[in-house]
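First up is the structure itself, then whatever we jot down about it.
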Amino acid sequence: MTKEELRGQMRAMRAELTGDKRDAAEQQAVDHMMAFLRQKRPRRFYPFVSCRTEIDTLQLLQRVWKELPEIAVAVPCVEEQRMQFYEVRAMNDLHRGTMGILEPAGAEPVRAEDGVMLVPGLAYDERGYRVGYGAGFYDRYFAEYGLCKPNAGGVLKIGYAFSFQLVQRMEAQEHDVALDALMTEKGINFFG
């Protein structure tokens, strides 16, 4: 299956997941992620801000701010085709961007280091490779800041998705960066 075919299939599957089943899966994923963060105690947390049919991260953000206030939170923003992370302390630090996605209104970007980063995607394989949305923002960010190897820079790169988004194997290109783990409603799966 090509990346485009996989993107289409996963978009359709995510759109079909609704109601109580979706709510339950999202709640379980949040609970697993909170337990992982409590155990790991990273200095920083770099989640993406969910949109459309992605697994919800807004509930996760609110719980981290409330239950783990010692962890600094920074979320991504794309500016002129370049992704940067900005620290946010509450929901009112986010505003609707040009594509309707909530973005940070921070002044100075924060370089990802010493923490846990959640990486969005449409599909992930058992080697840690992912199919994103095709723009390559995360892969370029990883390359720019030397985060291409496992746990590079002290940053644990974790996919965050529904369990059906994990596939056995998919095509990977030379510039694709393998993640360290995938967190779903079933818990965490480390790669490698």
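The values are calculated or read from the model by the stated rules, or taken from the named source; none is laboratory data. Nothing here was measured: the structure is a model prediction, and the numbers come from that model. Methodologically, a virtual Cβ is constructed for each residue, glycine included, from the backbone with ideal geometry; neighbour enumeration extends over all protein chains shown. Note: areas computed on protein heavy atoms with side chains; ligands, DNA, RNA excluded. Shrake-Rupley method; radii C 1.70, N 1.55, O 1.52, S 1.80 Å.
Estimate the FRET efficiency between Arg89 and Gln173 by the formula 1/(1 + (r/R0)^6), using the beta-carbon distance for r and 45 Å for R0, to the nearest 0.05. Intermediate values should be presented prior to the final figure.
Working: r = 37 Å, r/R0 = 0.83.
E between Arg89 and Gln173, to the nearest 0.05, is 0.75.
For semi-axes √(5λ) of the Cα gyration tensor in Å, the listed values are (i) 23, 20, 17; (ii) 38, 20, 16; (iii) 31, 18, 14; which was obtained by calculation from the structure presented?
Among (i) 23, 20, 17; (ii) 38, 20, 16; (iii) 31, 18, 14, the one derived from this structure is (i).
Out of residues 5 or more away from Val73 or on other chains, whose amide H comes under 5 Å of its own, with H placed 1.01 Å from N in the peptide plane?
When sequence neighbours closer than 5 places are left aside, the close amide H contacts are Phe45, Val88.
Count the lysine pairs in the chain whose Cα atoms lie under 19 Å apart, taking only pairs 8 or more positions apart in sequence or on different chains. The partial results should precede the final answer.
Details: Lys21/Lys186; Lys40/Lys66; Lys40/Lys157; Lys40/Lys186; Lys149/Lys157; Lys157/Lys186.
So the count works out to 6.
When the convex hull of the C-alpha atoms of the stretch 27-123 is computed, what volume per residue in Å³ does it have?
On the way: hull volume 10.8 nm³, N = 97.
Hull volume normalised by residue count: 111 Å³.
Hey, can you grab everything whose amide H is under 5 Å from the amide H of Tyr124? Only 5+ residues off in sequence or another chain; H modelled, so Pro and N-termini drop out.
Val131, Leu166, Val167
Measure off 7 Å from each Cα along the Cα-to-Cβ vector at Glu113 and Asn151, then give the distance between these two points in nanometres to one decimal.
In this crude spin-label approximation the distance works out to 1.8 nm.
Give me the one-decimal nm value for the distance between modelled label points at Ser163 and Arg140, 7 Å along each residue's Cα-to-Cβ direction.
Taking the two extended label points, one gets 3.6 nm.
At a 1.4 Å probe, what is the % contribution of carbon and sulfur to the accessible area of the chain? Spell out each step's value before the answer.
Details: 4690 of 9640 Å².
Carbon-and-sulfur percentage of accessible area, whole number: 49.
Nearest 20 debye, what's the magnitude of the dipole of the chain about its Cα centre given +1 on Lys and Arg Cβ and -1 on Asp and Glu Cβ? Numbers along the way, then the final one.
Numbers: 25 positive and 28 negative charges, 60 e Å.
Here the size comes out at about 280 debye.
At 7 Å along Cα-to-Cβ for each site, give me the label-to-label distance between Ala24 and Glu79 in nm.
Result: 4.4 nm between the two label points.
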